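The values are calculated or read from the model by the stated rules, or taken from the named source; none is laboratory data. Every value quoted in this text rests on a predicted model; they were computed, and no experiment measured them. Using ideal geometry, Cβ is built from the backbone for each residue, glycine included, and neighbour counts are taken over all protein chains shown. Please note that ligands, DNA and RNA were not included when accessible areas were found on the heavy atoms of the full protein model with its side chains. Shrake-Rupley method; radii C 1.70, N 1.55, O 1.52, S 1.80 Å.
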Amino acid sequence: MQPIDRIRLGLAVGTAKTVTKLVKTLNLGAASVLPGEISRRLHPRLLPLLFKQVNYGVILVVGTNGKTTTALLLRKILEDRGFKVTHNSSGANLINGLTTALLVDTKITGKLDTDYAILEVDENILPLVLKDCQPQYILALNLFRDQLDRYGEVDTIAQRWQKAISPLPSETTIILNADDPTLAYLGHQLSKGLTPPSKGGRATQGFEATSNHTPLACTPRQKVLFFGLNEPQLYLEEIPHAVDSIYCPSCGHLLDYQGVYLSHLGDYNCPSCGFAKSKTAINSQEWPQILIGVYNKYNTIAAGLLAETIGIQREDICHTIKNFKAAFGRAEELTIDDKQIRILLSKNPVGMNETIRAVTDIQKNKPSPVTLLVLNDRIPDGTDVSWIWDVDTETLTHQGGKLIISGDRTYDMALRLKYSESLLENPNLELIIQENLTQAISTALEITPPNETLHILPTYSAMLEVRENLVGRKIL
Amino acid sequence: MELSIGWLYPNLMSTYGDRGNVICLQRRCQWRDIQVTIVPLDRETPSETFQQVDIIVGGGAQDRQQEIVMRDLKGEKAFALQQTLNNDTPGVFTCGSPQLLGHYYEPALGQKIEGLGLLDMVSKHPGIDAPRCIGNVVFEITAKPLATELETIWGDRPIVIGFENHGGRTYLKTVQHLGKVITGYGNNGEDGMEGAFYHNAIATYSHGPLLAKNPFITDWLLKKALENKYQKEITLSKLDDSLAIAARKAMLQRLDLSKIIATN
C-alpha cells in the first residue's frame, strides 16, 4: 500500500468509526450503512484495499432467500474453529453495507485483521462487487422472483452473474445449488469456461440461441461444486404456483421433474436436450439441519459443503449445526411469559410458501393454532403487494385456527385469506383484523394458549417493527 | 348453473399475482353455488378449447415468457381467441396481456412483437432509460355501456383501485378507452386515459390483482358470462364485500382521495 493510500485509508476508517459511534450514541439505529457511505466518499478505492487484507479469503453469499441464515451458520462454524470472521450480519447487503461491515473490524491504522470475510451480497450488485474483489468462494443459494417493482428477471440476473464470474481466477471456488435449474446451468457453463453472449443475450435472441457459444481460448475455469437434496420423501405433492424456472435454461423445453422440494428446486431433467440436475458433492441424507423447514435444510448443506471445502471436519461442522440459533427474524424464537414466539420472515411468494409449510407442519394436530401475518408495502418490502396472490395461502386457511392480520396493507392480506376458502364460512377458521400492529401483537399473545407457540409471518420492514415491538429496540 | 374460466398460459403469464383474478372469479362462483371449472389455455391446448370457455383471463408475463406465448398464439389459436372475443365472451386482460391484443409491442431492445391486432392500439417502450410506470392507480371507468352496467351492480361510480407496473406505453386509436385516470400514469402517462374496452373484453395495465378490490368488475364478468350461456337476464345474489370496501377506503385515504371520492 502506498503511504498516501495508508493516510487516506486511516482517515476514512477514523471517520467511519466516529460516525458509527455518533449514530449509536444518539440511538439513531445500528449504523450498518451510513459509515460505509461516508468513508467511500473519502476514499473511492476503499473496498478493494480492505478486501485484499483478509487473511484467508472473502466468501460471498448470494441468492434470493436464505443468505442471512446461511452466512450466520458459516460464520459460527468458522468461529467455533477459532477463526476471526468479519460479516455484514445486519443483512445490509449493498456496497455501503459491505464496506461498513469491513470497516468495523479495521483498525485506525487501516489494518483489517480478520481471517475470513463472509459477505451477504444482493443479487443485483454481485457484478459490481466482483469488480473490486477476487473472492475465495462464491456461494449461490437460489434465484427466485423477489421484488417485482425493483428487480429484473431471473434469467437476466443469472446471465449477469455468469458474465461477472467467468473472468475470475481458477483459485475461486463456486458453490451452487444443483436443484435450481438456473444455477445448475450457470455451473455447467462456468466449468466449461463459457461466457454468455455479449449483447442482449437470451432476452432478445430467444433461448434456443444460447447453447452453442464458442468458448474463449484463455478463459480460466473456476472450480465448481454443487449441493442439493437427495431426499424424495421431502417431495411436494405438486409444483406450487409461484415458480419461475420450470423451462430448460439450455433449450427452453419444459423440464421433466421427478420431484420438487420447494418452488422450482428439485430433481429434474430436460427430455429434449438432456440437461439435468448436476451431480452433488454432498449427500444430504447424512446431514442434520438447523431450525425448521426444508429451506433451512438447503441453508445447512450449503454452509456445510463450503466449510468442508475449506477443510473443516464434518463432526465439527455438525456440532455447530446442532447448537445453532436463528438470525433475527429467520425462524427466530423468543419467549414472553409462558408463551413462545417464532418469527418467520415472509418476503416473497417462495419464501412465504415455505414458511407456511413449516408453520402448518408444526401446527398440525394443535386444536386452535394462532398465526399473525403482517404485510407492509414500504421500499424494503417492495411497494407492489400483488405477490401475495402467488402464495398458496390456502394451505394455511384450510388448516383452520386463528389468523390475525395487520400491517400497512392489512385489508389486502385479509382479502387474500378470505378468497382462499371455497366456503363463505369455514367454522374452523377465524380471521381477526387489527391494523394497529401493537394491538395485533397484544391480541395474538393473548389468544395464544400458555406453553404454545405464536407464529408471526412478516414482510421485511414488518419484521423489524415486530421485533422492535417485542424486544424494545431498533435494529437498523 | 355452471361456468368455465379459460386462463391464458397460466405458467407463462402469471407474473404479478394475476392468478388472483382467476381466484376471485372462481370463489365468487363457489360462494354462490355456481359450478366452476378452470381451463388452462396453454401450448398443449387445442384451438377449439379457446372457443368453448365462458370467460377469458390473461395476466402479465416476463419478456422471455411473453415471447414464448406470442410464438404459440398464432394461426388457429389466434383466430379462435379473436372469434371468442368478437362473439362477446367476457374477458379480463391485465398487466402485459393487453399488449398482446393490440397491433404490436415495441420493446426497448430487440424486435417489434406482433400482437393479435384485435384492439386498435399500439404499445411502445420509450427506451431502457425511461422510468417504469409504477405505483397505486385509481381510475373511473367511462367506457359505454360498461360504466352504467357496473354502476347498477355496485350502486356507486365504478372507480377502480389497482397497482400499475409497466415499462411500455399504450396508445389507442379507434378502440374505446376503459376509463379516465384519477391518480397514476394510465396507458401512457400523457393522455390521462387508462385501458381499453372492446365488445366485452376489459384490458388494463392495472393489477393488484384487479378483481380483488373491485368486486363489481368480477360480478359483471360473471353476469355477462352466465347471460351469454343461458340466454336470459341474470341477477347475481349479493355477497358480503366489507373487506374489499375497507381495502378501498384504506387506499383512497392514503392517496388523499377519500374526500373527492365518497365511494363504497
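Roughly how big is the range A:330-471's charge dipole about its Cα centre, with Cβ charges of +1 (Lys, Arg) and -1 (Asp, Glu), in debye to the nearest 20?
That gives a dipole near 200 debye.
Which one of B:105, B:179, B:159 has its Cα pushed farthest toward the positive end of the charge dipole of the protein assembly as shown, where Lys and Arg give +1 and Asp and Glu give -1 at the Cβ?
B:105
Which cross-chain or sequence-distant (5 or more) residues have an amide H under 5 Å from the amide H of residue A:339, H modelled 1.01 Å from N in plane?
A:451
Could you state the number of Å between the C-alpha centres of the range B:188-264 and the range A:356-419?
Computed from Cα coordinates, the inter-centre distance equals 24 Å.
Karplus couplings for the range A:310-324 from phi (6.51 cos²θ - 1.76 cosθ + 1.60, θ = phi - 60°), rounded to Hz, Gly and Pro as x?
5, x, 7, 5, 4, 5, 5, 4, 5, 4, 5, 4, 5, 9, 6
When the helix-only estimate is applied to chain B (DSSP H runs of n ≥ 4, each -39,500 (n - 2.57), divided by the residue count), what is the mean residue ellipticity at 222 nm, nearest 500 deg cm²/dmol?
-9500 deg cm²/dmol
Label-point separation (nm) for residue B:245 and residue A:24, each offset 7 Å from Cα along Cα-to-Cβ?
In this crude spin-label approximation the distance works out to 5.3 nm.
Report residue A:116's accessible area, 1.4 Å probe, all protein chains in place, as a number in Å² to the nearest 10.
Probe radius 1.4 Å; accessible area of residue A:116 about 20 Å².
Anyone know which of B:120, B:33, B:129 comes out most mobile in the 10 Å Cα GNM of chain B?
Answer for the Gaussian network model of chain B: B:129.
Using a 1.4 angstrom probe on the protein heavy atoms only, line up A:191, A:278 by accessible area, largest first.
Details: A:191 55, A:278 25 Å².
Correct descending sequence by accessible area is A:191, A:278.
Please give the calculated 222 nm ellipticity per residue for chain A, where each DSSP H segment of at least 4 residues contributes -39500 (n - 2.57) and the sum is spread over every residue; nearest 500 deg cm²/dmol?
For chain A, the value works out to -11000 deg cm²/dmol.
Would you calculate the separation in nanometres between label points at residue A:279 and residue B:234, each defined as 7 Å from the Cα along the Cα-to-beta-carbon direction?
Placing both labels 7 Å beyond Cα along the Cβ direction yields 5.9 nm.
When the chain is fully extended, how far beyond the present Cα-Cα distance does residue A:45 get from residue A:323, taking 0.36 nm per residue of separation?
Details: separation 278, 0.36 × 278 = 100.08 nm, distance 3.92 nm.
So the extension gain works out to 96.2 nm.
Using a 1.4 Å probe on protein heavy atoms, which residues of the range B:49-86 have at least 20 Å² less accessible area in the complex than alone?
Buried by the other chains: B:62, B:63, B:64, B:65, B:67, B:68, B:71.
If R₀ is 41 angstrom, what is the calculated FRET efficiency for the pair residue B:148 and residue A:258, using the beta carbon separation as r and rounding to 0.05?
Once the sixth-power term is evaluated, E becomes 0.15.
Towards the positive end of the charge dipole of the protein assembly as shown, with charges on Cβ (+1 Lys, Arg; -1 Asp, Glu), say which of A:16, A:319, B:218 has the farthest Cα.
Of the listed residues, the answer is A:16.
Under 18 Å between alpha carbons, and skipping anything fewer than 8 positions from residue B:238 in its own chain: which lysines qualify?
A:418, B:213, B:223, B:224
Distances over 11 Å make up what percent of all Cα-Cα pairs in the range A:356-398?
Numbers: 663 of 903 pairs.
Of all Cα-Cα distances in the range A:356-398, 73 percent exceed 11 Å.
Keeping all protein chains in position, work out how much accessible area residue A:194 exposes to a 1.4 Å probe, and write it in Å² to the nearest 10.
For residue A:194, the solvent-accessible surface is approximately 10 Å².
Through the Karplus equation 6.51 cos²θ - 1.76 cosθ + 1.60, θ set to phi - 60°, convert the phi angles of the range B:72-88 into ³J(HN,Hα) values in whole Hz; use x for Gly and Pro.
Coupling constants for the range B:72-88: 7, 7, 9, x, 4, 5, 4, 5, 4, 5, 4, 4, 4, 6, 5, 8, 6 Hz.
Run the numbers on chain A and let me know its relative contact order in percent, using alpha-carbon pairs under 8 Å that are six or more apart.
Relative contact order here is 13 percent.
For a test of the definition: using alpha carbon positions, the gyration tensor, and the 1.5 limit on a/c, classify the range A:330-471 as rounded, prolate or oblate.
rounded
Can you give the alpha-carbon Rg of the range A:3-322 over 2.2 N^0.38 Å, where N counts its residues?
1.03
Please give the FRET efficiency for residue B:38 paired with residue A:125, using the beta carbon to beta carbon distance and R0 = 51 Å, rounded to the nearest 0.05.
Taking R0 as 51 Å, the efficiency between residue B:38 and residue A:125 is 0.80.
Which one, B:201, B:244, B:61, has the greatest fluctuation when you compute a Gaussian network model over chain B with C-alpha springs under 10 angstrom?
B:244
Calculate the dipole size of chain B relative to its Cα centre from +1 charges on Lys and Arg beta carbons and -1 charges on Asp and Glu beta carbons; express the result in debye to the nearest 20. It would help to have the intermediate numbers written out before the result.
Numbers: 27 positive and 30 negative charges, 82 e Å.
The dipole magnitude comes to about 400 debye.
Might you report the magnitude of the Cβ-based charge dipole of the range B:112-264 about its Cα centre, with Lys and Arg at +1 and Asp and Glu at -1, to the nearest 20 debye?
Details: 18 positive and 17 negative charges, 20 e Å.
The calculation lands at about 100 debye.
Nearest 100 Å² is fine: what is the total accessible surface buried where chains B and A meet, probe 1.4 Å?
For chain B against chain A, roughly 3700 Å² becomes buried.
In the Gaussian network model of chain B, springs joining C-alpha atoms below 10 Å, which of B:170, B:235, B:89 carries the largest mean-square fluctuation?
Answer for the Gaussian network model of chain B: B:235.
Sorted from largest to smallest, which semi-axis lengths in Å does the alpha carbon gyration tensor of the protein assembly as shown give for its equivalent ellipsoid, taking the root of 5 times each eigenvalue?
Taking √(5λ) for each eigenvalue gives 44, 30, 26 Å, largest first.
Pop out the ³J(HN,Hα) list for the range A:434-444 in order, Karplus 6.51 cos²θ - 1.76 cosθ + 1.60 with θ = phi - 60°, rounded to Hz; leave Gly and Pro as x.
9, 4, 6, 5, 4, 5, 4, 5, 4, 4, 4
Over chain B, what is the mean sequence separation of C-alpha contacts under 8 Å (at least six apart), divided by residue count, expressed as relative contact order in percent?
Details: 535 pairs, mean separation 50.1, N = 264.
Computed value for chain B: 19 percent relative contact order.
Ranked by accessible surface with a 1.4 Å probe, highest first, in what order do A:123, A:286 come?
The ranking, largest first, comes out as A:286, A:123.
Counting only protein chains, not ligands or nucleic acids, how are A:270, A:251 ordered by accessible area (probe 1.4 Å), most first?
The ranking, largest first, comes out as A:251, A:270.
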